[in-house]
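Have a look at the structure below before the remarks.
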Amino acid sequence: MKVILLKDIKGVGRRYEEKNVSDGHALNFLIPNKMAVSANADSAVQIKLLKDRENQKKESHHKKLQDNLDKLKGLELVIKTNANEKNHLFATLTKEKISEYLMKEKGIEIPAEYIMLENQIKEIGTYSVPVSVESMKTVFVMQVERGQSSSK
């Protein structure tokens with residue numbers, strides 16, 4: 001039976017592919033679990049629309065990331081946080097926290113997985129923070145200073 005997959009299914013195929021599967025597998029598992037639809041003219045048109053919509057979302061998301069990366073060039077982010085007299089931070093700065101500060105302080109949305117820090121930041125100082133999204137790369141400067149934490 002020919003079906004169009006609605007999800008990536010290990011051992012069967014990728015999302016939106018048209019595949020030939022056994023009737024039992026299609027009728028008893030894939031279709032009832034909304035993992036596939038029977039391949040006919042109507043479903044093919046609907047799948048094409050879904051695929052186009054998904055591609056538009058990906059393009060929009062990619063453009064937004066590119067714009068945010070452009071905003072990061074030459075940016076200096078100042079983070080005031082609590083530290084002891086030896087300049088050790090009370091709470092380490094992780095990729096996730098840096099992502100939150102970028103959004104909160106500068107309105108720049110960069111998911112944490114794109115921030116390429118080698119180690120968490122544990123001391124006051126100035127850091128170059130690399131950001132990489134696919135083939136696009138940039139670096140911004142982050143100044144960590146002693147002061148009242150603005151994350152609360």
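Here residue 90 clears all of (1) assigned by TED's automatic domain parsing to the domain that holds residue 142; (2) aromatic (Phe, Trp, Tyr); (3) in a loop (DSSP other than H, G, I, E, B) except the condition numbered (3). Taking the criterion of being basic (Lys, Arg) and at pLDDT 90 or above, the only residue of the range 114-152 that qualifies is 122. Checked against the criterion of being surrounded by 15 or more Cβ atoms within 10 Å (Cβ to Cβ) and either modelled with pLDDT of 90 or more or not in a strand (DSSP E or B) (or both), the range 48-61 has no qualifying residue.
The condition of being assigned by TED's automatic domain parsing to the domain that holds residue 9, under 30 Å from residue 12 (Cα atoms), touching a residue at least 40 places away in the same chain (Cβ under 8 Å) and of a type in the set (Gly, Ala, Ser) holds for only one of 39, 44, that being 44. Residues in the range 113-146 that are closer than 24 Å to residue 85 by Cα and touching a residue at least 24 places away in the same chain (Cβ under 8 Å): 120, 121, 122, 123, 124, 125, 141, 142, 143, 144, 145, 146. Among the residues that make up the range 128-150, is at least one of them closer than 24 Å to residue 65 by Cβ, assigned to a helix (DSSP H, G or I) and within 24 Å of the chain's Cα centre (by Cα)? Scanning the range 128-150, I find no residue that is closer than 24 Å to residue 65 by Cβ, assigned to a helix (DSSP H, G or I) and within 24 Å of the chain's Cα centre (by Cα), so the answer is no.
Residue 89 - would you say it is surrounded by 17 or more Cβ atoms within 10 Å (Cβ to Cβ) and over 16 Å from the mean Cα position of the chain (by Cα)? Spelling it out, residue 89 is indeed surrounded by 17 or more Cβ atoms within 10 Å (Cβ to Cβ) and over 16 Å from the mean Cα position of the chain (by Cα).
Among the conditions (1) surrounded by 10 or more Cβ atoms within 10 Å (Cβ to Cβ); (2) within 29 Å of the chain's Cα centre (by Cα); (3) not polar (S, T, N, Q); (4) not in a helix (DSSP H, G or I), the only one that residue 32 does not satisfy is (2).
The values are calculated or read from the model by the stated rules, or taken from the named source; none is laboratory data. No experiment lies behind these values; they were computed from the predicted model shown. Cβ: placed from backbone, ideal geometry, glycine included. Neighbour counts: every protein chain shown.
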